[in-house]
Amino acid sequence: MTVTRRPGANTIEEPVFRDMCRRFAEVEAAPRWEKADREKAYPRDFYEAAARAGLIGITASEDIGGANLGATEEAICLEEVSKVNPNLAVSLLVQNVAGSILYDFGAPQHRELARRNIAGDCMVAIAVTEPEAGNDIQNVSTRATRDGDHWMLSGMKAFITLGGDADVLVLLAQTDPSKGRHGMQFFAVDRASEGVIASQIDTYVNRPAPTYRITLNDVRVPEERRLDAGFREIMAGFNRERIMVSARWLGHMQHALDWAVEYAQTRQQFGRPIGANQSIAFQLAQAKVDVEAARHLTYHAARKWDSGVPVGDVILDVSTAKLFVTQAVVRVTQTALHVAGGWGLTSELPAMRMAMDALVAPVTVGSYEIQLRAIARQMGLPCD
Ligand SMILES: Cc1cc2nc3c(=O)[nH]c(=O)nc-3n(C[C@H](O)[C@H](O)[C@H](O)COP(=O)(O)OP(=O)(O)OC[C@H]3O[C@@H](n4cnc5c(N)ncnc54)[C@H](O)[C@@H]3O)c2cc1C
């Protein structure tokens with residue numbers, strides 16, 4: 001099936017692309033994620049393998065090495081990789097989100113960075129969150145002060161996925177506090193710059209793609225590394241990212257459900273499979289409804305995005321998908337954990353790890369409350 005894309009974009013048969021992503025995940029993600037999870041260390045060669053497979057810069061134009069496909073293909077890729085591991089998948093999500101700021105808003109020199117990112121030569125991370133600016137991005141206080149043909153950056157970022165691994169941080173800073181949220185700009189900062197200190201945060205989740213605190217002490221950044229993008233662009237980018245986050249957790253919940261169904265079919269108690277008990281089977285049937293609803297909402301939002309409608313017209317679809325999927329993945333993985341009984345609480349089965357991984361779903365790129373607020377506003381409610 002070929003689906004209409006945004007104007008000018010390439011097309012590919014969806015089943016062919018899905019199959020390619022599935023094989024990539026089996027060959028490149030499956031052998032790597034357990035060691036990465038145990039050691040809390042990102043395997044950089046996974047990013048390089050993804051670049052070789054053409055899975056970095058899926059929506060970027062061909063002149064910089066991109067595939068010029070749509071959000072739908074990006075979602076398919078994330079869903080398939082997440083079925084193997086949602087955390088290696090997030091490393092691809094981060095490349096595509098941070099990379100798209102470089103190629104969508106960058107001058108020629110930034111497109112060169114994007115080209116290297118797509119080629120597997122320059123890993124990027126997106127650095128927005130700060131200790132005092134989580135959901136409230138308007139409160140970003142990292143300061144960029146002009147100094148001739150340079151900027152001096154000082155402040156602290158928190159929870160930056162791959163922040164200590166990336167070569168370049170696509171980082172949001174205040175250039176003009178008098179303009180509030182409209183006085184913010186992105187900068188492409190070399191992580192190796194003098195004054196950049198990255199320290200890993202010890203999270204229970206996302207361990208194969210760790211998060212970092214990034215301290216910036218008078219970091220000198222050339223003016224040519226300032227991007228023509230600020231608060232407005234990040235909010236548009238967040239909507240696209242929310243579709244990808246939904247796809248990530250859709251893949252994870254599908255995997256958790258498949259695992260739980262197989263366990264319920266094979267685990268015997270009272271002389272028959274536990275899945276023969278209606279009470280267990282119904283929980284799994286309910287989880288199936290969650291997965292199917294999540295699939296429809298996610299791909300509905302992705303296809304609407306690809307149709308080229310203004311971002312404002314897709315917010316309701318995006319926030320609905322993000323809210324539903326990130327609630328549903330917690331329910332489905334809790335069901336898998338329950339079905340697994342006592343063994344589910346051990347490291348001998350994957351149920352507990354799946355349930356723990358899912359706990360980050362509602363937190364990033366706008367929590368439940370932030371999605372509900374966006375939905376209420378789209379309904380015309382004066383919700384602040
Ligand atoms: C594993 C992980 C990876 C991450 N990766 C990145 C990354 O790569 N780059 C990056 O920039 N950031 C990243 N983040 C940051 C993430 O986006 C933030 O954690 C998120 O924005 C939430 O911020 P916070 O933790 O400070 O929560 P807070 O904003 O302090 O929220 C705490 C609670 O208050 C609620 N709340 C806040 N405001 C309101 C309101 N107006 N109305 C009602 N309720 C409200 C929230 O819903 C939440 O329940 C990551 C976080 C995690 C945990």
Exposure-ranked with fewest Cβ neighbours within 10 Å first, TRP259, TRP343 stand as TRP343, TRP259
How would you classify the range 126-225 from its alpha-carbon gyration tensor, with a ≥ b ≥ c the square roots of the eigenvalues: rounded for a/c under 1.5, else prolate if a/b is greater than b/c, otherwise oblate?
oblate
Listed residue pairs exceeding 32 Å between alpha carbons, taken from LYS157/LYS288; LYS35/LYS157; LYS40/LYS179; LYS35/LYS288; LYS35/LYS304:
LYS157/LYS288; LYS40/LYS179; LYS35/LYS304
For the chain, with only Lys/Arg (+1) and Asp/Glu (-1) charged at the beta-carbon, what is the dipole magnitude about the Cα centre, in debye rounded to 20?
740 debye
When HIS182, HIS150 are ranked with the fewest other C-beta atoms within 10 Å first, the list becomes HIS182, HIS150
Computed about the Cα centre, the charge dipole of the range 231-378 from +1 Lys/Arg and -1 Asp/Glu charges at the Cβ has a magnitude in debye, to the nearest 20, of 160 debye
Sum of -39500 (n - 2.57) over DSSP H runs of 4+, divided by residues of the chain (222 nm, nearest 500):
-16000 deg cm²/dmol
Max mean-square fluctuation residue, GNM over the chain, Cα-Cα springs under 10 Å, options LYS35, LYS288, LYS157:
LYS35
Cα-based helix-to-principal-axis angle, 231-266 vs the chain, degrees rounded to 10:
20 degrees
Let's see if you can work this out: charge +1 on each Lys and Arg Cβ, -1 on each Asp and Glu Cβ, no other charges. What is the dipole magnitude of the range 71-142 about its Cα centre, in debye to the nearest 20?
240 debye
Just to confirm the number: angle between the C-alpha axis of helix 315-339 and the first principal axis of the chain, 0 to 90 degrees, nearest 10?
40 degrees
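Only the coordinates and a few stated rules stand behind these numbers; no lab work does. Just so it is clear, the model here is predicted, and its values are computed rather than measured. In this analysis, Cβ positions are derived from the backbone assuming ideal geometry, glycine residues included, and neighbour counts consider all displayed protein chains.
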